[in-house]
Amino acid sequence: MTDLWKLSATEAVALLRKGEASPMEMVDAAAIRIEAVEPRINALPIRFLDVARDQARVFRRKNNDHPGWLAGLPIAVKDYNDVGGQLTTYGAPIFATNIAPRDDRTVALLRANGAIPLAKSNVPEFAGSHTFNPVWGVTRNPWNEDFTAGGSSGGAAASLAAHEVWLANGSCLGGSLRIPASFCGIVGMRPSPGVVPRGDGLPAFDTLWVDGPMARNVSDLALMLDAMTGLTAHDPLSRPIPAGGYQAAMAARRPPRRIGFSPDLGLRRIDPDVAKICRTASQQLADLETVVEEVIPDFTGGIECFQVLRALLFADVRGELLPAERHRINPDIVWNIEKGLGLAAADILPAMRVRHRIYHNVAQFFDHYDLLVCPTVAVPPFPVEQRFPTEIAGEKLTTYIDWMFLTFVLTLTSCPVISIPCGVTTTGLPIGLQLVGRPHGDSELLGFARLAEQALQFSPLIMKV
């Protein structure tokens, strides 16, 4: 049982369901692996292994036909989510000693479906796509520890790439599921709003921020999505799990007939190496007997639109902290909150109209195409000492999130999006490809992603210790 950490989540859950491995053995396997790699990458700074062992010891094996039944599999939980009795710090000094009284709804649903949380994954302070904070420090990329793991689900992605856990949850506003997936050579999915019900701490009707699954491959991703999905009266956007679940829908896959590809969504420059790798990958998808064309919907105005709507959300969710705690909050977050508090109707209404237009453009695109494909990130992983990229291919950037434009303009569409690894740079760092599905097309997208994964044949990392 010493090599349990090498199993995929699907393989591990199959053993647990059959009683050929126990939850305690899985917790112990994860603990050994965590001890071996954690000092180098700092992906899971909050660990409660003894609590997980207590839960594993009393976990009752049962026959459960729910497609997302995890049967006692240990998981990592993002440090933006509450695990009852454990720290939830958001990477912020002002919450450094904050103990969650109970599981939030995301964690409670995962636990009800047989998950055993054993650690919290590292995050940037409140938000961002490079995982460092004053409480726990920086998370390093298992592919090369001198580089960032991305964020904000950076600890989750790094823990998966290093085989510390089999599954991890994440969340996404401007790319926080997809960017770390790309940087760490794993798979991350931004589901349609409502597919994964959210907790009480977020605005009820917001469609920008979603929770979602992260895994090492698409099959594992579908398994975790099945475990995270459910209808609840506490989330007005939530929806029931589809008949048979997402894994069954993925298995009944068919190749996309027509794919639209763009290296930059027509918005701004990207790194030439990233563009080359992703263009080559898109051409490989033609092996699926699919027509691949360089065509996209019109995303004009999407960068400015997202900046406004993100700032508005920050002001809504974090604005009350500013008067008393400004001096203890990351200056980038202070800037984003202040931007939101300073918005007027003359700023907000044009942004809303741009979002409406982009959505309708995208919906019309999917009348003729099955899939939209583009790079996940405009740059490869950058050095861990750098807070954020300040230029791309010689083009100067103006804000700390400008470099994330390929993910955040897709957030505006509410379409499901998956990042899958598609290649590595000349320096050996992974690059991700975004697959965008039609509105509400989460099940169909998983099937396309599994076929694309098989066509690309990416070699995952096995981190040596």
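The values are calculated or read from the model by the stated rules, or taken from the named source; none is laboratory data. Just so it is clear, the structure is predicted and the values come from calculations on it, not from any experiment. Here the Cβ positions follow ideal geometry from the backbone for every residue, glycine too, while neighbour counts run over all protein chains shown. We work out accessible area using only protein heavy atoms, side chains counted, and drop any ligands, DNA or RNA first. Shrake-Rupley method; radii C 1.70, N 1.55, O 1.52, S 1.80 Å.
Here is the figure for the range 442-465: residues that are more than 21 Å from I277 (Cβ to Cβ), open to solvent by less than 10 Å² (accessible area, probe 1.4 Å) and not aliphatic (A, V, I, L, M) total 2. Note on the range 17-54: residues that are assigned to a helix (DSSP H, G or I), over 30 Å from A243 (Cα atoms) and open to solvent by less than 100 Å² (accessible area, probe 1.4 Å) total 19.
Being closer than 28 Å to F388 by Cα, in a helix (DSSP H, G or I) and at pLDDT 95 or above is not true of P124.
The one condition from (1) of a type outside the set (D, E, K, R); (2) in contact with a Pro (Cβ under 7 Å, 6 or more places away or on another chain); (3) assigned to a strand (DSSP E or B); (4) over 22 Å from C172 (Cβ atoms) that G423 does not meet is (2). Screening the range 216-233 for residues that are open to solvent by 20 Å² or more (accessible area, probe 1.4 Å) and among the small types (G, A, S) and picking the one that is nearest to A455 (Cα to Cα) gives S219. Residues in the range 1-37 that are over 18 Å from G68 (Cα atoms), in contact with a Phe, Trp or Tyr (Cβ under 7 Å, 6 or more places away or on another chain) and of a type in the set (A, V, I, L, M, F, W, C): A29, A30. In the range 161-187, the residue that is surrounded by the most Cβ atoms within 10 Å (Cβ to Cβ) out of those that are aliphatic (A, V, I, L, M), part of a helix (DSSP H, G or I) and under 12 Å from the mean Cα position of the chain (by Cα) is A181. Of everything in the range 243-274, what is open to solvent by 20 Å² or more (accessible area, probe 1.4 Å), small (G, A, S) and closer than 22 Å to F408 by Cβ? Give them in sequence order. Answer for the range 243-274, where residues must be open to solvent by 20 Å² or more (accessible area, probe 1.4 Å), small (G, A, S) and closer than 22 Å to F408 by Cβ: just G266. Within the range 384-400, the residues that satisfy the criterion of being open to solvent by less than 30 Å² (accessible area, probe 1.4 Å) and modelled with pLDDT of 95 or more are V384, P389, I392, L397.
Among the residues in the range 275-297, are any at positive phi, small (G, A, S), open to solvent by less than 40 Å² (accessible area, probe 1.4 Å) and touching a helix residue (DSSP H, G or I) at 6+ places or on another chain (Cβ under 9 Å)? No, the conditions are met nowhere in the range 275-297. Filter the range 57-70 for residues that are in contact with a Ser or Thr (Cβ under 9 Å, 6 or more places away or on another chain) and not small (G, A, S); which is most open to solvent (accessible area, probe 1.4 Å)? Result: R61. Say whether the condition of being small (G, A, S) and either free of Cβ contacts under 8 Å to residues at least 60 places away in the same chain or closer than 21 Å to D103 by Cα (or both) is met by at least one residue in the range 177-189. So far as the range 177-189 goes, no, none of its residues is small (G, A, S) and either free of Cβ contacts under 8 Å to residues at least 60 places away in the same chain or closer than 21 Å to D103 by Cα (or both). Return the residues of the range 307-328 that are among the hydrophobic types (A, V, I, L, M, F, W, C) and more than 19 Å from G201 (Cα to Cα); say none if nothing qualifies. V308, A324, listed by residue number.
Test H360 against the stated conditions and say whether it is out of contact with any Gly (no Cβ under 9 Å at 6 or more places or on another chain) and either charged (D, E, K, R) or at pLDDT 95 or above (or both). Considered against the rule, which asks whether it is out of contact with any Gly (no Cβ under 9 Å at 6 or more places or on another chain) and either charged (D, E, K, R) or at pLDDT 95 or above (or both), H360 comes out as yes.
Going by the structure shown, is P236 open to solvent by 10 Å² or more (accessible area, probe 1.4 Å), part of a loop (DSSP other than H, G, I, E, B) and in contact with a helix residue (DSSP H, G or I) (Cβ under 9 Å, 6 or more places away or on another chain)? When the stated conditions are applied, P236 does not pass them. Listed conditions (1) under 20 Å from A449 (Cβ atoms); (2) more than 22 Å from the chain's Cα centre (by Cα); (3) surrounded by 15 or more Cβ atoms within 10 Å (Cβ to Cβ); (4) not hydrophobic (A, V, I, L, M, F, W, C) are all met by D316, apart from (1). The condition of being open to solvent by less than 10 Å² (accessible area, probe 1.4 Å), out of contact with any Cys (no Cβ under 9 Å at 6 or more places or on another chain), modelled with pLDDT of 95 or more and more than 24 Å from P236 (Cβ to Cβ) holds for only one of L110, L87, L73, that being L73.
Per the conditions (1) farther than 19 Å from R310 by Cβ; (2) buried (at least 21 other Cβ atoms within 10 Å of the Cβ), the sole criterion not satisfied by F408 is (1). Just to be sure, is L202 surrounded by fewer than 24 Cβ atoms within 10 Å (Cβ to Cβ), modelled with pLDDT of 95 or more and assigned to a loop (DSSP other than H, G, I, E, B)? So L202 does not fit the description; no. For the range 411-440, a residue qualifies if it is closer than 15 Å to G260 by Cβ and either open to solvent by less than 10 Å² (accessible area, probe 1.4 Å) or within 16 Å of the chain's Cα centre (by Cα) (or both), and the qualifying residues are T413, C415, V417, L433, Q434, L435, V436, G437.
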